[in-house]
Amino acid sequence: MMLRRGFILFLPRLVGLLVVACCSMSIFYMLACTPKGDNQHLALPRVHSPTVKEGYDAILQEREEQHHNYIISLKKQIADLKAELQSRTEQLKKMQNQHPDPLDIWLDHSNSEKAQANLLAFLRSQVDKAEVHSGVKLSTEYAAVPFESFTLQKVYQLETGLTRHPEEKPVRKDKRDELMEVIELAVGSLNKPEGVGNAKHRVYTASDFIEGIYRTEKNKGTLYELTFKGDAKHQFKKIVLFRPFGPVMKVKNENVNMADTLINVIVPLAKRASKFRQFMQNFREMGIQQDGRIHLTVVYFGKEQMNEVKSILENTSKSANFKNFTFIQLNEEFSRGKGLDVGARFWKGNNVVLFFCDVDIYFTAEFLNSCRLNTQPGKKVFYPVLFSQYNPSIIYGNHGSIPSLEQQLIIKKETGFWRDFGFGMTCQYRSDFINIGGFDLDIKGWGGEDVHLYRKYLHSNLIVIRTPVRGLFHLWHEKQCLDELTPEQYKMCMQSKAMNEASHGQLGMLVFKQEIETHLHRQKLNSKK
């Protein structure tokens, strides 16, 4: 009852406060929204005042003049920009006339003297662009292009290539010829001293060469710095040479239609039904569903697990409505070369692209197109370098769980390596495989047959395309090196097994695991103290 009486007494006060607040807000609104005049403090016009209309008309007229002046300013800026653009365009045309397109140097044969002069000017400009006379500012240490050093007998290299040797006699003929040519040019330059005169001078030979360094900037050229013995002790002769790279030339411009190009994937197999099931999941998704221009040939050795393998193949055929497959069974000891050779020769249709594959390979639809684009009958065969997966239990040992297969297939130094010593996965037309003589069927078991075929192609006139590809993976599996292998095969198998497990750093962590745990234990004791 008292609360109700208090509320009734408070109500008039509340209404009064609300009225005062509304009036204050109205006054504030009128002050804030009233346009300002020249003196920035126009008096608030009275209601019904005859000057209200004139005041607003004056404000509108002033705003209109401001907008008009702004439009004039914009038009002037646009005109200035057009003039600047015209001037820059004329400068660009003038520069193009002085320095023509590198392609035009080669493609325009109407004036050979001008073309030669332009080419010479371009080659000289390459020296100026390269890091020869002075250094250039680099963003990070990763942008630096390192030198490699060489003597008459050896090359000391950071990029070791397939041999893995940090120093070696140049195995590749192009590198060997390149360095010998440079040394001969340097010797010739030393024996032709600048200036005129009949004074006798020392005759230099290649035996006076001490050492050299060289590096290549891919878009400019190769810089060579060679050091020779001087005329006295502690004196040297230094020659700097530069091999400029010429302008880019257009060699071919063509349309390539691969709509009807079929790939026959040939897989030799013995047992390993669980791996084959995993392979068929990949084949169904990438080969059947995404690509659709594919045939599968399975060459199976023996009879153990054969029915299970055939059942997997038939189930995939029914569920995916896929009929383009062949199953060949051989009652003999497994031989990869024999299986691939039989599968290739069994094909009776038109000339087809053969993809020699293994059951522990994962490929993408993009790779199948690379397989087509890098093969040409009588012209090119494709030897992709696949990415080999490390042991997932080692890679993800500290993660609690191993991620799905698709999540594992990433190209990083912690997850795998480029399998540049492997030549088993290859694409070529059947006609080239038959003409080259196929596999050496005397090789049994694991390894050797693929290298033998690769060397056959290298010894032929066919172009061998060898490149890393992002859509071809070798899935990790425990490797067994059998006692039946020859010593050379067994060595190759063990080397492959060692490289498959983990990276150098990851293997080191396993080797020093006890030392690391001891260190961590000491750290805990020290923190408690």
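The values are calculated or read from the model by the stated rules, or taken from the named source; none is laboratory data. Remember, it's a predicted structure, so these values are computed and weren't measured experimentally. Cβ: placed from backbone, ideal geometry, glycine included. Neighbour counts: every protein chain shown. In case anyone asks, the SASA skips ligands and DNA or RNA and just uses the protein heavy atoms, side chains included. Shrake-Rupley method; radii C 1.70, N 1.55, O 1.52, S 1.80 Å.
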Rounded to whole Hz, the Karplus (6.51, -1.76, 1.60) HN-Hα couplings of the stretch 180-190, x for glycine and proline
5, 4, 5, 4, 4, 5, 5, 4, x, 5, 5
If you bin every alpha carbon distance in the stretch 263-508 into 5 Å steps from zero, what whole percent lands in each bin?
1, 6, 13, 17, 20, 18, 14, 7, 3, 1, 0
HN-Hα J in Hz across the stretch 477-490 - Karplus 6.51, -1.76, 1.60, θ = phi - 60°, x for Gly and Pro:
8, 5, 9, 10, 9, 6, 5, 6, 5, 5, x, 5, 5, 5
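Suppose the chain between ASN526 and GLN506 were pulled fully straight at 0.36 nm per residue; how much longer would it get relative to their current alpha carbon spacing? Provide the component values of the computation, followed by the final result.
Numbers: separation 20, 0.36 × 20 = 7.20 nm, distance 2.75 nm.
Additional length available on full extension: 4.4 nm.
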For LYS114, the lysines lying under 27 Å Cα to Cα, once residues fewer than eight places off in the same chain are dropped, come out as LYS93, LYS94, LYS129, LYS218, LYS220, LYS250, LYS252
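With every protein chain kept in place and ligands, DNA and RNA left out, what is the accessible area per residue of the stretch 263-508? Probe 1.4 Å, answer in Å². List each step's numbers first, then the result.
Numbers: 11660 Å² over 246 residues.
I get 47 Å² per residue for this part.
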Out of residues 5 or more away from PHE355 or on other chains, whose amide H comes under 5 Å of its own, with H placed 1.01 Å from N in the peptide plane?
ASN264, VAL265, ILE266
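Extension gain SER431-LYS192, at 0.36 nm per residue separation less the Cα-Cα distance, in nm?
That works out to 80.5 nm of additional length.
Just subtract the alpha-carbon distance of GLU113 and GLN278 from 0.36 nm times their residue separation and send over the number in nm, one decimal.
Details: separation 165, 0.36 × 165 = 59.40 nm, distance 6.43 nm.
So the chain would gain 53.0 nm between GLU113 and GLN278.
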Would you mind checking the pairs LYS275/LYS412; LYS348/LYS380; LYS169/LYS380; LYS412/LYS497 and listing those with alpha carbons more than 27 angstrom apart?
LYS169/LYS380
Given H placed on each backbone N at 1.01 Å, which residues far from ALA270 in sequence or on other chains put an amide H within less than 5 Å of it?
PHE301
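Can you tell me which of 320-330, 448-458, 418-428, 204-214 comes out highest on packing, and rank the rest after it, using the mean Cβ neighbours within 10 Å? Intermediate results must be reported in sequence, preceding the final value.
Details: 320-330: 14.0, 448-458: 18.2, 418-428: 20.3, 204-214: 15.8.
Per-residue Cβ counts within 10 Å, averaged per peptide and sorted highest first, yield 418-428, 448-458, 204-214, 320-330.
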Simple SL model, points at 7 angstrom along Cα→Cβ for ASP420 and GLU217; separation in nm is 2.4
Order of 293-300, 79-86 by packing, highest average Cβ count within 10 Å first?
293-300, 79-86
Distance (nanometres) between label positions extended 7 Å along Cα→Cβ at HIS477 and VAL127:
5.9
Summing +1 per Lys or Arg and -1 per Asp or Glu among the other residues with Cβ less than 9 Å from GLU148's Cβ gives 0
About the Cα centre, and with charges only on the beta carbon of Lys, Arg (+1) and Asp, Glu (-1), how big is the dipole of the stretch 263-508? Nearest 20 debye, please.
660
Taking a straight Cα-to-Cα line shorter than 20 Å from LYS75, and setting aside same-chain aspartates and glutamates fewer than 8 residues away, one finds GLU64, GLU65, GLU84
Quick one: which residues, 5+ away or cross-chain, put their amide H under 5 Å from the amide H of GLN329? H built at 1.01 Å from N.
TYR300
Put a dot 7 Å past each Cα toward the Cβ at ASN350 and MET258; how far apart are the dots in nm?
1.7
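Assuming R0 = 41 Å, what is the FRET efficiency of HIS459 and ASP231, from their Cβ-Cβ distance, to the nearest 0.05?
Values: r = 49 Å, r/R0 = 1.18.
Between HIS459 and ASP231 the formula returns 0.25.
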